[in-house]
Amino acid sequence: MRVRTVLAGFFVMLVALSGCVSQQASQQPVATPKKEEPQISEVDKHYYLGAEYLRNEMYGDATREFKKVLELDPNYQKAYANLGFIYLQQGRLDESIQMYKKSVELAPNDAEAHAALGWAYMADGKFGKALDEYQTAIRLEPDKPDFFLNLGAAYDKQGRLAEAIEADRKAVELDPNNLKNVLTLANILYENNLYVDAISVYSHALRLDPEQFSVIKTLGFLNLKVENFAAAVDFYERAVAKRPDDAQIRYWLAAAYDKLGKTDKAIEHMQKALDLDPQNKDLYWLLGDLYNKAKRYSEAIAIAKKGLEIDPLNAGSYCVWGKALEKMERYEEAIDRFQKAVNCHDPNWTPYAKKEIERQQKLIEIRELKKQQQELEGE
């Protein structure tokens, strides 16, 4: 499941700033010798002051003022909504829900009020009730992208993946130039292994912001997953250009070049990754494995030895060393190195090392049979 932060800024601004006049507030002008000014009721004075406190995140003072509002006017809907927001920020979820429910009761056709109540239900883990509120909000205002993003989050929490994706797609359809919406859809596709669709949506995000590093890096990884290795190299090269000292990016670029069959380029970037992160024990055997692929066996052994200096129980380094010895037809020594890998008790390497020991023994048998054959032919 993804974790999604529901943005509330739009709601705070709406209820705290733009809608500050109560239905009960006096609209009658009061004549003065110079000009006419609207009369501000006592209830609205407290509301304006509470809204200003809320805008400055002074929650205690804001709560006091909104409670005074409700003492004077128990039906002042926006005061309930703002108290709901404050209680939610303070983790007082039951109280927040009660305030938002009262807000909805007083303004049943207010889409924002339903969305806010849905938000509180989400925070309290009541995803079914949140879903109902978001659906009501959408019924009242069907063209608001944020409502669909929230609906998608509620579906996702219930494990209803197809409906979550559809809701997120609708948010993108309504506002295709909103990078947040596009990334929300891309992320849920990625997290659920829908890689081809994710590539399409992340590419859309990259068109909106060509400098978005995380998107470039993710597109490199996704293209590796779908075995489009040339594209993976392209994206990781772009990522490296932005962050040349990022060892992880160098590693993935090396992996992409390796899959593309460009072993020398893979070695270049894996060596750079190791230079940047010399304490990473896995980079030693990874580089050694590339040396073996390039038939540079002495270098493979040398880097494996360095890896064992960092971690004497590095089974990967022993296996790389053993494989290099095999290629040099030094099978007895290879058996010794693979046995040392077994002795490391690394579950990721032990099965491989045991099979390699059997392989070396067979290679020794074949070597001996060839030797005997040559001796017979020489007689």
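When the range 65-80 is examined, which residues are found to be within 14 Å of Met99 (Cα to Cα), free of Cβ contacts under 8 Å to residues at least 24 places away in the same chain and either of a type in the set (A, V, I, L, M, F, W, C) or part of a helix (DSSP H, G or I) (or both)?
Within the range 65-80, Phe66, Lys67, Leu70 meet the criteria.
For a quick check of your reading of the model, give me the residue pairs whose first member lies in the range 46-60 and is without any contact (Cβ under 8 Å) to a residue 40 or more places away in the chain, whose second is aromatic (Phe, Trp, Tyr), with beta-carbon atoms closer than 6 Å and at least 6 apart or on different chains.
From the range 46-60, the pairs are Gly50/Phe66.
Among the residues of the range 289-330, write down those that are under 24 Å from Gly261 (Cβ atoms), under 36 Å from the mean Cα position of the chain (by Cα) and among the hydroxyl-bearing types (Ser, Thr, Tyr).
Within the range 289-330, just Tyr291 meets the criteria.
Restricting the range 158-168 to residues that are part of a helix (DSSP H, G or I) and not charged (D, E, K, R), which is farthest from Phe85 (Cα to Cα)? Give the derivation first.
Applying the first criterion (part of a helix (DSSP H, G or I)) to the range 158-168 yields 161-168.
With not charged (D, E, K, R) added as a condition, the list becomes 161-162, 164-165, 167.
Values: Leu161: 29, Ala162: 31, Ala164: 25, Ile165: 28, Ala167: 25 Å.
Filtering the range 158-168 for residues that are part of a helix (DSSP H, G or I) and not charged (D, E, K, R), the one farthest from Phe85 (Cα to Cα) comes out as Ala162.
Just checking, does the range 93-109 include any residue being under 28 Å from the mean Cα position of the chain (by Cα) and assigned to a helix (DSSP H, G or I)? Give the steps one after another, and end with the answer.
Keep residues of the range 93-109 that are under 28 Å from the mean Cα position of the chain (by Cα), which gives 93.
Subset that is assigned to a helix (DSSP H, G or I): 93.
Within the range 93-109 (the criterion being under 28 Å from the mean Cα position of the chain (by Cα) and assigned to a helix (DSSP H, G or I)), the answer is yes, since at least one residue qualifies.
Among the listed residues Asp175, Asp168, identify the single one that is free of Cβ contacts under 8 Å to residues at least 60 places away in the same chain and over 21 Å from the mean Cα position of the chain (by Cα). Break it down stepwise before answering.
Numbers: Asp168 fails: over 21 Å from the mean Cα position of the chain (by Cα).
None of the others qualify; the one that does is Asp175.
Among the residues of the range 207-223, is there at least one that is farther than 25 Å from Ala254 by Cα and free of Cβ contacts under 8 Å to residues at least 24 places away in the same chain? Don't jump to the end; show me each part of the working.
Going through the range 207-223, the residues farther than 25 Å from Ala254 by Cα turn out to be 207-209.
If we keep only those that are free of Cβ contacts under 8 Å to residues at least 24 places away in the same chain too, we end up with 207.
Within the range 207-223 (the criterion being farther than 25 Å from Ala254 by Cα and free of Cβ contacts under 8 Å to residues at least 24 places away in the same chain), the answer is yes, since at least one residue qualifies.
How about the range 122-157: which of its residues are under 19 Å from the mean Cα position of the chain (by Cα) and not in a helix (DSSP H, G or I)?
Within the range 122-157, no residue meets the criteria.
Just to be sure before I move on: is Glu333 surrounded by fewer than 23 Cβ atoms within 10 Å (Cβ to Cβ) and closer than 24 Å to Gly261 by Cα in the structure I sent?
Working: surrounded by fewer than 23 Cβ atoms within 10 Å (Cβ to Cβ): yes; closer than 24 Å to Gly261 by Cα: no.
When the stated conditions are applied, Glu333 does not pass them.
Do the conditions hold for Ala273, that is, is it touching a helix residue (DSSP H, G or I) at 6+ places or on another chain (Cβ under 7 Å) and either closer than 30 Å to Thr184 by Cβ or part of a helix (DSSP H, G or I) (or both)?
Values: touching a helix residue (DSSP H, G or I) at 6+ places or on another chain (Cβ under 7 Å): yes; either closer than 30 Å to Thr184 by Cβ or part of a helix (DSSP H, G or I) (or both): yes.
Judged against the criteria, Ala273 is a match.
If you scan the range 36-95, which residues turn out to be over 24 Å from His114 (Cα atoms), of a type in the set (Gly, Ala, Ser) and modelled with pLDDT under 95?
Ser41
Any residue that is farther than 25 Å from Asp264 by Cα, of a type outside the set (D, E, K, R) and without any contact (Cβ under 8 Å) to a residue 60 or more places away in the chain - is there at least one of those in the range 323-332?
yes
Which one of the conditions (1) at pLDDT 50 or above; (2) in a loop (DSSP other than H, G, I, E, B); (3) surrounded by 12 or more Cβ atoms within 10 Å (Cβ to Cβ) does Arg4 fail to meet, given that it meets all the rest?
Condition (1) is where Arg4 drops out.
Determine, yes or no, whether Lys323 is among the basic types (Lys, Arg), at pLDDT 95 or above and crowded, with 16+ Cβ neighbours inside 10 Å.
Numbers: among the basic types (Lys, Arg): yes; at pLDDT 95 or above: yes; crowded, with 16+ Cβ neighbours inside 10 Å: yes.
Yes; evaluated as a whole, the condition is true for this residue.
The values are calculated or read from the model by the stated rules, or taken from the named source; none is laboratory data. Note that this is a predicted model, so its numbers are computed, not measured. Using ideal geometry, Cβ is built from the backbone for each residue, glycine included, and neighbour counts are taken over all protein chains shown.
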